[in-house]
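The values are calculated or read from the model by the stated rules, or taken from the named source; none is laboratory data. The model shown is predicted, which means the values in this text are computed figures rather than measured ones. Methodologically, a virtual Cβ is constructed for each residue, glycine included, from the backbone with ideal geometry; neighbour enumeration extends over all protein chains shown.
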């Protein structure tokens, strides 16, 4: 399937015509609705909250936030940001309850620290992987976005971003940027391996009720398998065993021992323990 | 734009991030509108600790409302339904539909049209 991200920048792609089509299509509405309810499940909000909707478009997901039943902790109050004026125009016509901003999330998130209880983003952040002019880079846009988002969430807040990465490079670029900004991050994949697979980037800001790491978010949810890449990496490290005589770790250890004894030891650098190049 | 949002939004310009003058943004030529919304005491109680009261006083002054009490209602005052209803009316039902938001630090103005604030920046300010 063609990716709109490859055709035009978002503010131009979603023109009046495209925005209306997007909002009217019952197929898209159904998919959006199911992704929003999944995101709400991951956010696990217990009381009426203040939520930021990133790339809110015509307010399809925001509408659901305002409609969460009282028994389930709603209804929530939300603020939406989107870069496409046409999409926001459709949102105005639909009279959504949230407050709307015409803004580029790649330029940051202009709110006071600790403003929001949670943030939600449906099918938006893959757009950040495209730089439309030479004075911005995808990395810079992702960095500004995640740093702004991290600051604007309160301690213990969560963000769930559903996104469509083009490939694994984009996927790791996005999750890497989130981790760099300070988030605890994990990716939840629904229907993996199928055409309709959906990725949710789940982000937590420390200091809240969540004990342990990011995998605690899915505690108590059915049909979720936890694949922990960190554990695997730790096992590989462990399997290597003690340093062998002559390798870098062994040399560094020896140097430290000698330094402790008061011997003069050459400084260590990245070249320590490397073989010399073959000389003619 | 609701008044509650105006209590949280700051200037998006990079150099203003560190300046205290970039919050709150000041309203100019604001046109107001009241829109009915269901009253939610729980939400008001949740959000009130995060409201910057001084900023709210400044904003409501600029919008021409009667002045608010000196200090934020806390503790037992929150059991008074009238207080919460007044806050609900000011924070959630009052919308600024047209006007400008101006940063006190860099002087950049953000236009508000039909209730939507334009926070798109030219790239040299990002």
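Observations on the structure shown:
- Scanning the range A:95-109 for residues that are assigned to a loop (DSSP other than H, G, I, E, B) and in contact with a strand residue (DSSP E or B) (Cβ under 6 Å, 6 or more places away or on another chain), we see that the one that is nearest to the other protein chains (Cβ to nearest Cβ) is A:103.
- Answer from A:142, A:100 - the residue that is within 13 Å of the chain's Cα centre (by Cα) and either within 28 Å of residue B:38 (Cβ to Cβ) or at pLDDT 90 or above (or both): A:142
- Qualifying residue in the range B:66-75 (condition: surrounded by fewer than 16 Cβ atoms within 10 Å (Cβ to Cβ), out of contact with any strand residue (DSSP E or B) (no Cβ under 7 Å at 6 or more places or on another chain) and part of a helix (DSSP H, G or I)): yes
- Members of the range A:145-171 found to be free of Cβ contacts under 8 Å to residues at least 60 places away in the same chain, more than 14 Å from chain B (Cβ to nearest Cβ) and over 15 Å from residue A:120 (Cα atoms), listed by number: A:165, A:167, A:168, A:169, A:170, A:171
- All positions within the range B:90-126 that are closer than 25 Å to residue A:97 by Cα and within 8 Å of chain A (Cβ to nearest Cβ): B:92, B:114, B:115, B:116, B:117, B:118, B:119, B:120
- Selection status of residue A:124, modelled with pLDDT of 90 or more, within 13 Å of chain B (Cβ to nearest Cβ) and under 29 Å from residue B:23 (Cβ atoms): no
- Residue in the range A:2-23 that is under 19 Å from the mean Cα position of the chain (by Cα), more than 11 Å from every other protein chain (Cβ to nearest Cβ), farther than 27 Å from residue A:112 by Cβ and in a helix (DSSP H, G or I) present: yes
- Any hit, the range B:22-35, residues being in contact with a helix residue (DSSP H, G or I) (Cβ under 7 Å, 6 or more places away or on another chain), in a strand (DSSP E or B), touching a residue at least 40 places away in the same chain (Cβ under 8 Å) and within 14 Å of chain A (Cβ to nearest Cβ): no
- Which listed residue, of A:122, A:187, A:179, is more than 18 Å from residue B:2 (Cβ to Cβ) and surrounded by 24 or more Cβ atoms within 10 Å (Cβ to Cβ): A:122
- Within the range A:79-94, the set of residues being facing another protein chain (nearest Cβ under 9 Å) and in a loop (DSSP other than H, G, I, E, B) comprises just one member, A:83.
- Residue within the range A:36-47 that is within 14 Å of another protein chain (Cβ to nearest Cβ), touching a residue at least 40 places away in the same chain (Cβ under 8 Å) and in contact with a strand residue (DSSP E or B) (Cβ under 7 Å, 6 or more places away or on another chain) present: yes
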